[in-house]
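J.: I am attaching a structure below and will ask some questions about it afterwards.
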Amino acid sequence: MAKEPGYVYVLTNPSFREDWVKIGKSARPVDIRSKELDNTAVPLPFEIYATLKTEKYDIVEKKIHKAIDRLTDLRIRQNREFFNIKPELALEIFKDEATILDDAVITIYENNQPIVPKVHDTPQLAKPVAPHRPRFKFSMVSIQIGAELTFVPTGVKVKVASDDQIEYEGRIFKLSPFVGTFMPVEKRNTSGAYQGAKYFTYKGEILDDIRSRIESNNL
């Protein structure tokens, strides 16, 4: 018997310090869970920022927590689900995780209401994430582990650590979360979401441009 889907969620709270979010899971709709969290421990109610619906919500929540912990020490307390991270960056990590799930549905909220329009007046409020292109991997462009890349916005050098990760100052990152973390304030976009391969060069050429060139040659 198939497992019922549940939710991994990003909650914000007006009483939190800037860029604090709660990332947790719930087997029930997140609006119910957020109301349960509305107690005397927080002065103001939680607000739903985004949800990821999947049968694998238990595993996905752990993987997202681990991905954020791997970025840097962003967890406010190690035994809690609160993180010092922009909700936009948390959403980017949700999207990365969704690309490897076959049942993921991401819904973004505003004023605790889904902002994705209904499809054919059905209860489904969001479509499964289906990116036009697979997530970038270094093997796509024949870049080997240990190769040096340049982060364009600051000029810092990083090294390829695996097929989809880089190493910087002894820490391991995926490309998009690295950009969201180290992008200078004056160069940030309004969404806080970035396509990592557009911000690194290899031998002077943007990674996404290398990929596009190879894909065009294979047509």
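The values are calculated or read from the model by the stated rules, or taken from the named source; none is laboratory data. Since the model is a prediction, treat every value here as computed from it, not as a measurement. Glycine also receives a Cβ, built like all others from the backbone with ideal geometry; neighbour counts cover every protein chain displayed. With ligands, DNA and RNA removed, areas are computed over all heavy atoms of the protein, side chains included. Shrake-Rupley method; radii C 1.70, N 1.55, O 1.52, S 1.80 Å.
J.: Between a residue in region 134-151 that is more than 16 Å from residue 214 (Cβ to Cβ) and of a type in the set (Asp, Glu) and any residue that is assigned to a loop (DSSP other than H, G, I, E, B) and at pLDDT 95 or above, which pairs come within a Cβ distance under 7 Å, given they are 6 or more apart or on different chains?
T.: Taking only residues 6 or more apart or on different chains, not a single pair turns up.
J.: Which of the residues spanning region 132-146 are touching a Ser or Thr at 6+ places or on another chain (Cβ under 7 Å) and modelled with pLDDT of 90 or more? Before the answer, list the steps.
T.: At the first step, the residues of region 132-146 found to be touching a Ser or Thr at 6+ places or on another chain (Cβ under 7 Å) are 135, 145.
145, the sole residue that qualifies.
J.: Tell me, please, whether a residue that is assigned to a strand (DSSP E or B), modelled with pLDDT of 90 or more and open to solvent by less than 40 Å² (accessible area, probe 1.4 Å) can be found in region 195-203.
T.: Within region 195-203, the first condition is being assigned to a strand (DSSP E or B), and the residues that meet it are 200-202.
Adding the requirement that they be modelled with pLDDT of 90 or more leaves 200-202.
Within this subset, residues satisfying the condition of being open to solvent by less than 40 Å² (accessible area, probe 1.4 Å) are 200-201.
Yes; the residues of region 195-203 include at least one that is assigned to a strand (DSSP E or B), modelled with pLDDT of 90 or more and open to solvent by less than 40 Å² (accessible area, probe 1.4 Å).
J.: Report the residue count in region 155-169 for those that are of a type in the set (D, E, K, R), more than 24 Å from residue 19 (Cβ to Cβ) and assigned to a loop (DSSP other than H, G, I, E, B). Talk me through it step by step, then tell me what you get.
T.: Let us first name the residues in region 155-169 that are of a type in the set (D, E, K, R), namely 157, 159, 163-164, 167, 169.
Keeping just the survivors that are more than 24 Å from residue 19 (Cβ to Cβ) gives 157, 159, 163-164, 167.
Then drop every residue that is not assigned to a loop (DSSP other than H, G, I, E, B), which leaves 163-164.
Qualifying residue count, region 155-169: 2.
J.: For region 91-116, what are the residues that are in a loop (DSSP other than H, G, I, E, B), open to solvent by 50 Å² or more (accessible area, probe 1.4 Å) and either touching a residue at least 60 places away in the same chain (Cβ under 8 Å) or among the charged types (D, E, K, R) (or both)?
T.: 102, 111, 112
J.: Moving to a separate point now. Being closer than 26 Å to residue 181 by Cβ and either open to solvent by less than 50 Å² (accessible area, probe 1.4 Å) or modelled with pLDDT of 90 or more (or both) is the filter here, so list the residues in region 1-14 that pass it. Give the steps one after another, and end with the answer.
T.: Of region 1-14, the ones closer than 26 Å to residue 181 by Cβ are 7-14.
Selection gives 7, 8, 9, 10, 11, 12, 13.
J.: Just checking, does region 58-69 include any residue being closer than 21 Å to residue 106 by Cβ, modelled with pLDDT of 90 or more and buried (at least 20 other Cβ atoms within 10 Å of the Cβ)?
T.: yes
J.: Check off (1) touching an Asp or Glu at 6+ places or on another chain (Cβ under 8 Å); (2) assigned to a loop (DSSP other than H, G, I, E, B); (3) modelled with pLDDT of 85 or more for residue 24 and give me the number that stays unchecked.
T.: Condition (2) is where residue 24 drops out.
J.: I'm told residue 172 meets every condition in (1) closer than 22 Å to residue 70 by Cα; (2) outside any strand (DSSP E or B); (3) open to solvent by 40 Å² or more (accessible area, probe 1.4 Å) except one. Can you identify the failing condition by its number?
T.: Checking residue 172 against (1) closer than 22 Å to residue 70 by Cα; (2) outside any strand (DSSP E or B); (3) open to solvent by 40 Å² or more (accessible area, probe 1.4 Å), the one that fails is (2).
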